[in-house]
1. Can you tell me the order of 38-51, 299-312 when each peptide is scored by its average per-residue count of other Cβ atoms within 10 angstrom, highest first?
2. Just to confirm the number: angle between the C-alpha axis of helix 208-221 and the first principal axis of the chain, 0 to 90 degrees, nearest 10?
3. How big is the antiparallel share of DSSP beta bridges in region 80-204, given as a percent to the nearest 5?
4. Helix-only estimate, please: 222 nm mean residue ellipticity of the chain, summing -39500 (n - 2.57) across DSSP H runs of length 4 or more and dividing by its residues, to the nearest 500.
5. Which angle from 0 to 90°, rounded to the nearest 10, does the C-alpha axis of helix 238-252 make with the longest principal axis of the chain?
6. Can you give the local net charge around Ala142? Use residues other than it whose beta-carbon is closer than 15 angstrom to its beta-carbon, Lys and Arg +1, Asp and Glu -1.
7. With an 8 Å cut-off on Cα pairs and a minimum separation of 6 or more residues, tell me the relative contact order of the chain in percent.
8. Taking neighbour counts of Cβ atoms within 10 Å as a proxy for exposure, in what order, fewest first, do Glu159, Glu166 appear?
Amino acid sequence: MWRALFDNVYVEERTLKDAETVRILERIGCDSPQVLGHYKDVFDKRNENGSLGRNLILAHNPGKHLYEGAPVCQSFGNEHFYYSPGVMNCIYDCEYCFLKGMYPGSDICIFTDIEETFSEIDELVKLHPVYVCASYNTDLTALEGITGYVRRWCEKAAETPDLSVELRSKCARTDIYGELPVSERAIFAFTLSPDAIAERFEKGTPGLDGRIAAMNAAMNAGFPVRICFDPMIYVRNWREIYSSMIGKVAAGADLSKVRDISIGTFRISDQYLKNMRKKYPDSAVAQYPYVNEEGYYQYPDEVRLSMEEHIKRELSEKCPIVPVFDWK
Ligand code: SF4
């Protein structure tokens, strides 16, 4: 099933013998990948006919394995906040995703040297506690059938007392959580959106019911769960659809068991938005007249504040004891 998602499978020569490479190729049922020198020889390059396809590339990360979090990302009170670029690009296709401004195409590159990331973490935790967003440039849970990296991160969190990991997802899989090593430092974060938003702007993602079911599965398995109403997208009837979503979430899950909730309206770096506007001239999300504040585009204050205050009010009624984090 996985193999059919990709036009071609490429492996960097130096990664051919990696345990992760062997495992991933087995999982996708590919015994004859194309071998290449460097992932950039293929990643997001156009085919001979000028089109961009979707290739899977297994490679080593030639750059940093951990980056400090961007100012528009929520740190949830963690002083030492990093993200891991362990997989580049996503199998979902959200119209507003910053990855669209970052990568020209849909190729997915998995770095098989995850152990290097873990070694960097081992050094950092000698200095201070570390908080890592492991699912930053991708939806790692949605790719678990290929990578097994959610398990690897859960294992790493379980054995590293000063490491906390956030795995953020829109994936509706419910079957994995009971099989993973539970740790209070492996936080499963679920991005929940009204169905009207998911259908219009989050192509390929499961609907709200599926995401709530996955969230319940993670909570029932004993994992701390975070709900992300982020990014909220402005549409004409936003008040009505976001209120109805909160009602649905409160009816479908025991919100008192949720660790925390993050809220935030859409925002993006100016360079990424510039790229997206060029690529998607008809996209309502990309072409909205945002305001630029210190290099990041966001909704004008009157829109942003009314959306964020509205959802905060709804949450204070439905789950007054759960901490709510605002991105600003
Ligand atoms: S699920 Fe997340 S990472 Fe994937 S396309 Fe959507 S916003 Fe981007």
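Bear in mind these aren't lab numbers, they're just calculated from the coordinates by the rules spelled out. Worth saying up front: this structure is predicted, and the values here are computed from it rather than measured. Here the Cβ is made from the backbone with ideal geometry for all residues, glycine too, and neighbour counts use every protein chain on show.
1. Going from most to least packed, we get 299-312, 38-51.
2. 80
3. Given both bridge residues lie in region 80-204, the antiparallel proportion sits at roughly 25 percent.
4. -9500 deg cm²/dmol
5. Tilt of helix 238-252: around 80 degrees.
6. Charge balance near Ala142 sits at +3.
7. The normalised contact order for the chain reaches 14 percent.
8. Glu159, Glu166
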